[in-house]
1. Cα axis of helix A:75-98 to longest principal axis of chain A: angle in degrees, 0 to 90, nearest 10?
2. For every other residue with a beta carbon closer than 13 angstrom to the beta carbon of A:Leu257, add +1 if it is Lys or Arg and -1 if Asp or Glu, then tell me the sum.
3. If the chain between A:Leu41 and A:Thr29 were fully stretched, how many nm would it gain, using 0.36 nm times the residue separation less the Cα-Cα distance?
4. What is the helix-to-structure angle for A:409-437, meaning the angle in degrees between its Cα long axis and the longest Cα principal axis of chain A, kept from 0 to 90 and rounded to the nearest 10?
5. Give me the one-decimal nm value for the distance between modelled label points at A:Phe443 and B:Tyr34, 7 Å along each residue's Cα-to-Cβ direction.
6. Please check which bits of the stretch B:308-341 a label hung off B:Thr167 would reach, taking the label as a point 7 Å along Cα-to-C-beta and the cut-off as backbone N under 11 Å.
7. Rank-order B:366-372, C:159-165 by packing density, defined as the average count of other C-beta atoms within 10 Å over each peptide's residues, highest first.
8. Need the C-alpha centroid separation for the stretch A:297-364 versus the stretch C:130-151, integer Å.
Amino acid sequence: MNGILLVMTVVLPIILAVPVALIRWKQDTHWMIYTEGVVLLTSALSYYALANSDGQAHVLFRFANDLEIAFRIDGLASVFAALVSFLWPLATLYAFEYMSHLKHREIFFMFYVMTFGVTLGIAFSGNILTMYCFYEMLTMVTLPLIMHPLSKEAIRASRTYLLYSLGGAAFAFIGMIFILYYGTTSAFVPGGVMNTPAVMSRQNLLLIVYVLTFFGFSVKAAMWPFGGWLPKAGVAPTPVTALLHAVAVVKAGAFALMRITYYSFGADFLRGTWAQTVLLVFVIITIVYGCSRALKETHLKRRLAYSTMSNLSYILFGVVLMTPLGLTGALCHMVFHAFMKICSFFCVGAVMHQTNKNYVHEINGLGHAMPVTFTIFTISGLALMGVPGLPGFISKWNLAKAAVASEHPLALAGVFALLVSALLTAIYMMSISFRAFCPGRDFDLTAVAGYRDPGWRMLVPLGIFVVVMFVFGLHSAPLVEWLATVAEW
Amino acid sequence: MTHDFVQNFPLFCIILTLFSGPCCMILRGRWARYVNLGVISAVGVMSLFVLLDVCARGGSYVYMMGHFPAPWGNEIRVGPLEAFMALFFCIIMLLSMIGGAPQRLRKIEASKENLYYVMVNLLLSSLLALIYTNDLFTAYVFVEINTISACGMIMICQNGHTLEAATRYMIMSLLGSGLLLLGICFLYGLTGHLLMSNIKEAVAQLVAAGTYHAPLMVAVGLMCVGLAIKSALFPFHSWLPDAYGYSTVSSAAILSSLVSKGYIFLLIKIFYRVIGFDIICNSKIINIFFVFGIAGMMFGSISAARETNIRRMIAFSSVAQIGYIYMGFGLGTGMGVLASIYHILSHAATKSLLFVSAAGLSESSADSRELADLTGAGYRNASAGMAFTVGALSMVGFPLFSGFISKILFAQAAVNQSGKMLPTLIALALSTILNVIYFMRAVIVIYTPLRSIPAERREGYRRIRMSTYPQITVVFGCFVLLNLVLGLMSQPIVELCARGLGMFG
Amino acid sequence: MIPMTAMAPFHLLTLGEGLEISFATDGISLLFMGITTVIWILVGIYAVAYMKHEERPGQFFAAYALLYVILLGLDLSANLITMYLCYELMTLVSMLLVVHNHSREAIMATLKYLFYSLCGAYLGLFGIFYLNHYCVDLNFGSTGRLDLSALAGHEQTLLIVVFLMLIGFGTKAGMFPLHGWLPSAHPVAPSPASAVLSAIIVKSGVLATIRTVYNIIGADFLRGTWVQTAWMSLTLLTVFMGSMLAYREPVIKKRFAYSTVSQVSYILFGLSLLQEQAFTGALLHVWFHAMIKCGLFLCAGVFVVICGCKRVDELHGIGRKMPVFLACYTCFALALIGIPPTSGFVSKWQLALGALDADVGFFSWFGPVVLLVSALLTAGYLLPIAMRGFFPGEVSCSEQVGLLEKKEPPLLMLIPIVILAIAAVMSGIFPTGLINVCRNLAAYFL
């Protein structure tokens, strides 16, 4: 029973999404209700499956003897699936309002819902092959979403996205083969599956392969120097950039890295090796690089995209520390950052939707016309900065705790980089809030008089995110404890 | 059907195709086409029966031609691998012929149409012969027939490009055949036999005794190089882009999918049945194959990325894919050869799909083959667009499609080999990236809307619905299905090939 | 009887594991709370009258009140986490005060303030992250909470971390090298805001330093290390540099801002000596400087708003028009210079004694020398205003002053100034109570 449930949760949205584009609907509200219904149904199924999971692997399909597509729910899967299932219905609601004046909406929403199914597929993957297959499918199913505007930049951005993603997957493929060959099983086991005697004699080779695989999967997680696609993808409609490129796609990359580090290669095998040091360097560089580029960037969404690049490397920093504390910190930030970043993106999207302004220097004084939006934006900015009381502080705390405890020479440099990044975050987020609320004495407020806050379909998700952020910021202990148990091996 | 009757089928196939060739000469265009299709179908059905029979028997058998036993008579040998190859080639050929039909009818002059089918039938006969033969000289004869009929197929619609392409093809091919013949002669001089199994025994004795080592290696080398030239291994591939790029669709499809694979199959036969796989592995030949295979992978893809003509791009991609196959040989293990065989199947299915769908896209874009003109073709010809996307994804190695299984088999074969493992895997990864560059670029171009093209250039663009050419839509469906079968149900196929390979030597 | 240790802390909520927000009272917190409240009330009264000359008084008072609550929270913090939370909130809310009049300079100054404050706060946070691992817990204790067994082998790193923390918290206290925000923020803020900024908010940097050095790390760990030497050097450098820059600065509020930079580093110098008398002197100077500087800025507010003068040379002859007011100013000036029997003398005397007594080699005598030089410079930049105000000499009254009526500033503005002036002088004459309190605290920590 449970196996069918798992499979249905993944496959149902993919199949049910197709009628959205193929049927000729009489009215817009009809297909909107249908789409939201499918998404809510999938979320409900997903939560039901998480609540009733039996921890067993359920094989969907077999390629060959040891190559099978199997689903399994474990702690890590629950975290990712729960996060994604909570955010998707809200994002769909927001997207309805945002896309209201754009064309080809039905096709857009068909792929939007299919992406949900594929992301759940990644979350529920029980072995490396399943995860690889769904990972590749994620690239293809999000491609039409980026291409949607069909403008020159969109086409270029989708080409870049495709090249980076499929190229990264090509290198991740090498890792998959090695895990299949040198591991006792292809499934994900906490602590790793490496066959220790066979492995010890070829340690350096496996470390090289691990580094290559990490680079391969890190393309989706936007690590320097493979993250170049992320800012360009900002040309897609905001619901896409917000949900996919701040939450689903990039978190899928981080999720995959967690899987290969802790559940396939095994953190104990990797900790203390040169591979860990090399990856720490890249991660730390990304943390600072992302924030520096965000500072220089004047396009609102691209600025947030660079901010995502930097924040994802917070998560990767926790992953590369290779300790249970490190994984806990990484999971913390994965969950919290999703909320903070999606909140920021939605605010920016609301501004772009209502005022058609895309650049930082154009939003002077808009805070007086759209107070709710910009207040929420400021709150999310404070959260990203790491003000105590909001979740950013909690995840930074957990990451720093893990870093200091790990006693790796580079770990303190990582903490320092985190704080430098916090400082830069403060500047590039607060400067937007400042411009909005304090445009200066000689600013003529009538210039912005015509703009309003967006409608309820955009404001309700924003409100929910703010409430959730405060709850996480003020009372994070239960969640963090659960994440710590998930991170154990 | 009783075994005794079925046993004769391979011979029937060869004879049927051989004689239907001249038959088509005297028939008119339309009838020749029907005869051709009928022959291919019949051969396919017969091969299916042979396959079932051989699998049921669990072993290969040798079939005497005429009443003269070895070593003076001629033989063919039938095993699971051979039968399966024959069946597969027939399927591909059938689909290619149907899929290329509309373009063929437009491009070729009506009076010359039946000549085309002559060539195709002869080509089929030579392929079957190469698959089944157990005699080295017979193989050579049919290699020549293969060359000539392929050349004819290229030349059938005469314009400057095809004549030049055919001439180049002829020169390179004959060079290859010449080297092959030299090698066969040396081998005959060394062993005194022409029947493959006998040669193998003699070679084994020679190697055991340690005599005539150099001449033997020279002979092997000549044969290998000759076949490598004919199957367009880097750096002998210069004839390929023109030949595939300018000929008709069905010619390109058949040439890229089947003709070069026939030579490669012969090469495998030489490895296993003439010389002996161990001896080959001990020599340095496989290292040369490995290096050139990887070079071909890289060079082919890089050249493809620079092409703006979609047919030539697909043709250069073939160079890269043949590089994969030779890299598989270069690994020097049974698993490597198995991966190469699987890649033969996968590539045949995918490449013909690509050629046929590219033709469909061109047709909706005023017959232009330039990528820039194909902008938005995916919207004008939906079925061709989807088929092309499927083919591109398979080339890139996307899970669900056959290319993915190929990559896995190559990678798994490589992992066992310590020395060559890392270069192989990195080459696979880089090649995937290069494939993405040009194939995915093409996919995005065909799905980019037309707005960027000025109106004057859009003359002659038309929508092609699925109902315009129903048979082509069916062909697309069959190709995609074939690709999915190879991608999703590879296990039984791989096992069958492995079993056949085991009985091959 | 002022409690020394924190009584059963009040636990408000738990942000996460190891992150508890708790409040407690001890001697230091009561001391700081006291001065905060006193200043807040007085400046509040002043601000009622002042804000009649500014826009949006409602926003100002809202931020003002909120800031008071947050500062109370800061003073009452029972552990480093609570302190950091209130520290960050204080930065954010005080930003609202600084940017109040929305001019371009105000916005730029606010962003600079934010940047510097965050730099400092994050340096402090870096230290907190590190300390979390090597301390028993982060609650404030009497002799430090370091877990020495866990610390073994990492002392050097901890010293570097502590140094960074000192620079970080020193930002708020205006210590070199991160003092640059002070001279920019003060002139653009409304005068009541500048007053509390100089009087109380910079003292939060001092409070954070005390908590870190004395309550968490423990004075014994730092005594004699290079950190102490570096800290003393930086503070003395700031003392001198601040006074020097104040001496040469013609804009009134900027001059007072540099003066704050200098004077707060007196306090930090006292703390850096890690010695009882110096600690006493430092705590005394917290109170005294708060009162004096607050008074000075309130006077500056009168200059700006009532007289319309922003620069020192515009104040000639002002004593003729507002004698009582300028007399109060003179009291503040004398107190800050440290002329007996004013309060400033008491605290500086304790500092000098402490320096001479401490076992810090070169700095024992160099410190008092610098303090003396700075006192001379203080006289140089404060007294001329008074003297030229009363005795303009050949140079007759400046234009702006000439236009004024002979009338004191409004009562609501004048009364707090007078109260503070009287307090500044009286505390010097009758210092015993306060000195005893501070001595007890010093004995408790050292």
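1. Taking the Cα atoms of chain A, the angle to A:75-98 is about 20 degrees.
2. Values: positive: A:Lys220, A:Lys251, A:Arg259; negative: none.
The answer is +3.
3. 2.5 nm
4. Tilt of helix A:409-437: around 20 degrees.
5. In this crude label model, A:Phe443 to B:Tyr34 measures out at 8.3 nm.
6. Counting only backbone N, you get no residues.
7. In decreasing order of mean packing, B:366-372, C:159-165 become C:159-165, B:366-372.
8. Each part reduced to its Cα centre gives a spacing of 34 Å.
Bear in mind that the values in this text are calculations on the coordinates, not laboratory data. As the structure is a prediction and not an experimental result, all values here were calculated from the model. Heads up, the Cβs are rebuilt from the backbone with ideal geometry, glycines too, and the neighbour counts pull from every protein chain shown.
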